[in-house]
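The values are calculated or read from the model by the stated rules, or taken from the named source; none is laboratory data. The model shown is predicted, which means the values in this text are computed figures rather than measured ones. Cβ sites come from the backbone with ideal geometry, for glycine too, and all protein chains shown count toward neighbours.
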Amino acid sequence: MALEARAVRQTSGSLRVIFMGTPEIAVPTLRALVDAGHEVVAVVTQPDRPSGRGRTPQPPPVKLAAAELGIRVLQPEKLRGSERLAELRALEADAIVVAAFGQLLRPEVLKLTRLGCLNVHPSLLPALRGASPVNWAILEGLSVTGVSIMLLDEGMDTGPVLAQEQVPVDPRDDAVSLGERLGRAGAALLVPTLELWAVGGITPRPQDSALATYSRILTRDDGRIAWALPATEIDRRIRAFVPWPGTYTSWRGKQMKVLQALPSAYDTHSAPGTVLGLGTVRGTLAPGSSEDSHQALMIATGEGTLAVTRLQMEGKRPVSAGEFVRGYPSIVGVVLDSPPGSA
């Protein structure tokens with residue numbers, strides 16, 4: 001469908017667009033609309049949220065991009081009410097483009113423009129409907145995911161699809177690196193799809209709900225490491241939960257974040273969570289990097305060993321495995337996530 005949209009691309013003239021999005025993954029789509037010459041009459045994004053140790057309100061990435069582009073920004077807590085609807089209607093937009101906005105749109109908003117609401121969803125629908133498709137693509141160990149341009153309806157990512165494009169998943173992708181590629185792919189696909197849709201050049205394809213899978217919202221508790229899992233699955237969780245909720249375990253009643261690791265097939269027959277000491281592991285830590293040797297803190301799991309290369313103790317800065325063991329030599333031999341005082 002993506003190739004068709006590009007091959008038959010027709011000029012529909014400049015469109016007036018309301019853009020709705022919030023996180024970094026949505027920014028490329030906003031920029032692509034502007035670069036293509038379409039008039040983004042307003043950006044609707046989530047309110048500023050407290051962040052960091054000082055809990056200072058921080059603007060979402062889409063708001064910052066809109067300010068840079070000189071576009072009007074609206075930040076409603078909830079997109080509802082006759083006054084808010086009248087404000088959007090007064091913009092006289094041809095279409096609404098949505099990318100990771102963070103709110104379900106009410107029926108009256110879906111019907112607001114003549115071209116409807118086009119949503120950029122980072123999965124190959126009907127696979128991975130829901131709020132966290134990038135994370136779940138990594139959690140499920142997918143080798144290929146993608147982006148879908150769909151028409152929003154009242155369901156959760158259930159509307160008909162206008163175009164799709166596959167995106168490979170690198171074996172060492174984390175949610176940030178994969179999200180960046182999906183964001184760029186979605187932006188590149190959205191513009192020609194919108195223009196073709198505007199001139200009646202696309203027939204929407206209904207989704208087969210029998211094939212649907214779902215990506216639920218992540219919680220803080222998802223980040224707690226269950227050492228009885230296989231090392232390969234723990235590794236996927238570490239990469240999937242970047243930057244939030246992160247992955248962590250506990251030692252002496254304090255949180256210890258596991259920031260980077262590699263799975264190893266080495267089987268020690270030790271209890272899951274046992275810290276075996278420093279070792280060396282070969283592998284690729286990040287997408288596109290070459291395989292190399294890495295010093296790591298080796299930790300037994302339910303199947304294989306997790307080679308942790310970077311950690312952070314609660315209240316401390318992130319450090320390499322070697323530096324961590326020099327600072328906390330007594331960690332070798334303990335079983336992580338044990339009750340305080342047991343090791």
Search result, residues across the stretch 255-292 that are farther than 17 Å from Pro171 by Cα and of a type in the set (Gly, Ala, Ser): Ser270, Ala271, Gly273, Gly277, Gly279
State whether the residues of the stretch 50-66 include one that is basic (Lys, Arg) and surrounded by fewer than 12 Cβ atoms within 10 Å (Cβ to Cβ). yes
Looking at the stretch 247-282 only, could you name the residues that are part of a strand (DSSP E or B) and without any contact (Cβ under 8 Å) to a residue 40 or more places away in the chain? Tyr248, Gly279, Thr280, Val281, Arg282
Could you tell me how many of the residues in the stretch 35-61 are in contact with a strand residue (DSSP E or B) (Cβ under 6 Å, 6 or more places away or on another chain) and in contact (Cβ under 8 Å) with a residue 12 or more places away in the chain? 8
If we keep only residues of the stretch 14-73 that are assigned to a loop (DSSP other than H, G, I, E, B) and of a type in the set (Gly, Ala, Ser), then the residue farthest from Trp197 (Cα to Cα) is Gly54
Go over the candidates Glu291, Glu303 one by one and state the one that is loosely packed, with under 15 Cβ neighbours inside 10 Å and within 28 Å of the chain's Cα centre (by Cα). Glu291
For the structure I just gave you, tell me whether Tyr248 is under 24 Å from the mean Cα position of the chain (by Cα) and either surrounded by fewer than 18 Cβ atoms within 10 Å (Cβ to Cβ) or within 17 Å of Thr232 (Cα to Cα) (or both). yes
Only one of Ala296, Ala228 is outside the structural domain of Ile96 (by TED's automatic domain parsing) and either assigned to a loop (DSSP other than H, G, I, E, B) or among the aromatic types (Phe, Trp, Tyr) (or both), namely Ala228
Which one of Leu110, Leu104 is in contact with a Cys (Cβ under 9 Å, 6 or more places away or on another chain) and at negative phi? Leu110
